[in-house]
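The values are calculated or read from the model by the stated rules, or taken from the named source; none is laboratory data. In this text, all values refer to a predicted model and were calculated from it rather than measured experimentally. Glycine also receives a Cβ, built like all others from the backbone with ideal geometry; neighbour counts cover every protein chain displayed. Please note that ligands, DNA and RNA were not included when accessible areas were found on the heavy atoms of the full protein model with its side chains. Shrake-Rupley method; radii C 1.70, N 1.55, O 1.52, S 1.80 Å.
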Amino acid sequence: MAEVSVKNKLRELRAARDWSQADLADKLGVSRQTVNAIETGKYDPSLPLAFKVARLFRQPIEAIFASDE
Amino acid sequence: MEKPNIPDEIFLGGSKAYAWRTDWRVNGWLMVAVLMSGAGDFFFADQVRHLNVAGRTLIVLAPFFVLLCWMRNLARWIRGMDELHRRITLAAVLFAVSATFFFVMLWHRLEVAGFFEAICPGRRSWDIGTLGHGFLLMTLFYIVGHTLFNRRYQ
């Protein structure tokens, strides 16, 4: 089965709030490397973390994470 | 929000994130086990040999009970990581454990086959089954594994 590639708007949302990766990492309770890996598409977050991101930015989860297809 | 644990905290010389307190909290029991095992091996030939079987067995098994405490601390530390670091660390630990297992097995088979005796005759023992050797090998393979798996996410 082909892998589903996931795109996200984390970098744009973070930049709009003028937060650094470290700031966002603190708010999400993850490391800065994890934020960087998600933003660059090297790592797809788990569903609980994706919900946390959505809650933090007050947006529906599908507005932040979307399938590349 | 509480900061997650990161692997660099216990990588001596790995980065600025190294924290000896955390390292000691995670790996303290491992150090104790290695020291106990080393002391047992050192004295086994002389003093310990004169003890009864129960005493000798206890001396051999004691470090392994201490290792259980280390494993509990390691598991707690890994549980305190965020999901990415937990994934990387678990992969590195699995790699380290299996690589150490295969290395020790291979070494043992080569020893039984007389390989080491042939290339370096006269040495009394080629045994690498001690806790100290295991600790060194696992650390080495953990560093290799962590470097490999971590690179993917940088």
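General remarks:
- Interface between chains B and A: roughly 1200 Å² of accessible area buried, both sides summed (probe 1.4 Å, protein heavy atoms only).
- Distance between the stretch A:1-31 and the stretch B:1-52 - C-alpha centres, whole angstrom: 36
- Diffusion coefficient of the protein assembly as shown by Stokes-Einstein, Kirkwood radius over Cα pairs, 37 °C, 0.692 mPa s: 158 µm²/s.
- Alpha-carbon Debye profile of the stretch B:1-81, log10 I(q)/I(0) at 0.14 Å⁻¹: -0.58
- Over the C-alpha atoms of the stretch B:82-154, the Rg to Rh ratio, Rh being the Kirkwood estimate, stands at 1.15.
- Nitroxide proxy distance, nm - points 7 Å out along Cα→Cβ at B:Trp20 and B:Leu110: 3.6
- Take each residue in A:26-32, count the other chain C-beta atoms within 10 Å of its C-beta, and the mean is 5.
- Accessible heavy-atom area order of B:Glu111, B:Glu117, highest first, probe of 1.4 Å: B:Glu117, B:Glu111
- Taking B:Thr147, A:Thr34 and ordering them by how much accessible surface each has at a 1.4 Å probe, largest first, produces B:Thr147, A:Thr34.
- When +1 charges are put on Lys and Arg Cβ atoms and -1 charges on Asp and Glu Cβ atoms, the dipole computed for chain B relative to its Cα centre reaches about 300 debye.
- Heavy-atom accessible area order for B:Leu94, B:Leu68, A:Leu10, B:Leu51, largest first, 1.4 Å probe: B:Leu94, B:Leu68, B:Leu51, A:Leu10
- Ratio of Rg to Rh over chain B (Cα coordinates, Kirkwood Rh, two decimals): 1.04
- Nonpolar atom fraction for chain B, defined as the carbon and sulfur part of the 1.4 Å probe accessible area, stands at 68 percent.
- Rounded accessible area of B:Leu110 (nearest 10 Å², 1.4 Å probe): 60
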